[in-house]
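One structure is given here, and the rest of the page talks about it.
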Amino acid sequence: MKKISFIAASVLLVVAGFASAQNYPTKPVRIVVPSVPGGGQDVVTRAMAQKFSEAWGHQVIADNRPGAGGNIGADAVARSAPDGYTILLTTAALAIAPSLYRKLSYDPVNGFIPVSQIMSTYLVLAVHPSLPGNVKDLIAYAKANPGKLNYYHFGLGSGLHLTGEMFRVAANIDFTNVIYKGDGDAVPALMRNEVQMSFLNPTAVVQLVKAGKLNALAVSGSVRGNAFPDVPTMAELGYPDVNYVGYLGFFVPAGTPRDIVAKIANETIRVVRMPDINDKMPIWGGDGAGTSPEAFATKFKEDVARYARVIRQANIPPAD
């Protein structure tokens, strides 16, 4: 009798799981965005949220929680109920966090379930027009003029920061790090020659490069970017280790039912493949992905290990 009761209970749990996924959502869903309104992450999230709302018949809203390198938003999601009603939109910052911070209020690796990668992103090495117009000559200039180059990024461990450190180590050069709050402050400073170079989001500089106000020397990804098809990759130029390929993706708190995770992932994949979303990906600074939870989990695990090596090689001390 006990065995039969156990089997019956197991069947009820499975049925309940399917029922929860089938009915989900029954109320508004919140996507936490760890950046300010109007930024690239926010724009992508709101476009996705609108499509989710239309399909699910319940409002899906973007909840901006900027600050602390994405940790404020991640912590808010980690503390939320694992029921699929709070989703984290994040970048590779979540994979960087375990090696960058001594203490965190959440567990970046075990505190979340990867749901789906929305898009892959890359960065473009943009420089002031007064600098040499190719990477080889830029490196020679940096070595001949130690301390004269300022490099912009917007915080310790950000994609811009780590890509710059990859470049520093690979090319054996030095420069001064200058931190700005965001591209809105930094790009004008780059045009004024207050900072001379940075690996930037392509959307921040593509029009300025076309107008000749900045020069694009290379892209950080493994393939040429859609916004800069004529600009070589760092790998093509002999620096394969300068390979920052970021992403935007959805995570949910650990413990979220697998069927609900699958439903969110399937909807993400469907929306990413919609022409009016996919066609905008290059404008948003990347390429559409739309991956399964399993594929995204594998990538996330690989990125945690890879960025740990980058931080170690660059001798970046852990932050509190």
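Each reported figure results from applying straightforward, stated rules to the coordinates on display, with no laboratory input. Note that the structure is predicted; figures quoted are calculated from it, not measured. When we count neighbours, we look across all protein chains shown, and the Cβ atoms used for this are built from the backbone with ideal geometry, even at glycine.
Once the trypsin sites (Lys or Arg not before Pro) in DSSP loops with at most 15 neighbouring Cβ atoms within 10 Å are cut out of the chain, the longest remaining piece is 1-78.
Subtracting the Cα-Cα distance of Ala211 and Val169 from their residue separation scaled by 0.36 nm leaves 12.0 nm. Treating the Cα atoms of segment 96-173 as identical point scatterers in vacuum, please give the log10 of the normalised Debye intensity I(q)/I(0) at q = 0.21, 0.28 Å⁻¹, two decimals. Each listed q maps to, in turn, -1.07, -1.49. Please give the residues of segment 26-43, grouped as numeric ranges, whose backbone N is less than 19 Å from a label point set 7 Å along the Cα-to-Cβ vector of Met191. Within reach of a label on Met191, which here means backbone N under 19 Å from a point 7 Å along Cα→Cβ, segment 26-43 contributes 39-40. The simple spin-label model puts a point 7 Å past each Cα toward its Cβ; for Ala308 and Asn177 those points are separated by 2.1 nm.
Each residue of segment 137-145 was assigned a 3J(HN,Hα) from its phi angle through the Karplus curve 6.51 cos²θ - 1.76 cosθ + 1.60 (θ = phi - 60°); the sequence is 6, 5, 5, 4, 5, 4, 6, 7, 10 Hz, with glycine and proline shown as x.
Which ordering of Asp174, Asp83 is given by a fewest-first count of other beta-carbon atoms within 10 Å? Please report the intermediate quantities before stating the final value.
Working: Asp174 13, Asp83 17.
Placing the least packed residue first, the sequence is Asp174, Asp83.
Three semi-axes describe the equivalent ellipsoid of segment 124-219; taken as square roots of 5 times the Cα gyration tensor eigenvalues and ordered largest first, they are 18, 16, 12 Å.
In order along segment 22-39, phi translates into HN-Hα couplings of 5, 7, 5, x, 10, 7, x, 10, 10, 10, 7, 10, x, 8, 6, x, x, x Hz, rounded to whole numbers, per the Karplus curve 6.51 cos²θ - 1.76 cosθ + 1.60 with θ = phi - 60° and x for Gly and Pro. Close amide H contacts of Ile118 (hydrogens built in the peptide plane, cut-off under 5 Å, sequence separation of 5 or more or a different chain): Leu248, Gly249, Phe250, Gly290.
Suppose we keep just the DSSP beta bridges with both residues in the chain; what percent of those would be antiparallel, to 5?
On the way: 22 of 37 bridges.
Once the DSSP bridges in the chain are tallied, antiparallel ones form about 60 percent.
Computed from phi, the 3J(HN,Hα) profile of segment 174-187 under the Karplus parametrisation 6.51, -1.76, 1.60 (θ = phi - 60°) reads 9, 7, 9, 7, 10, 9, 10, 5, x, 4, x, 8, 7, 4 Hz, with x in place of Gly and Pro. The order of Ser80, Ser198, Ser158, Ser220, going from fewest to most other C-beta atoms within 10 Å of their C-beta, is Ser80, Ser158, Ser220, Ser198. Summarising the amide proton neighbourhood of Leu149: residues at separation of 5 or more, or on other chains, whose placed amide H is nearer than 5 Å comprise Thr176.
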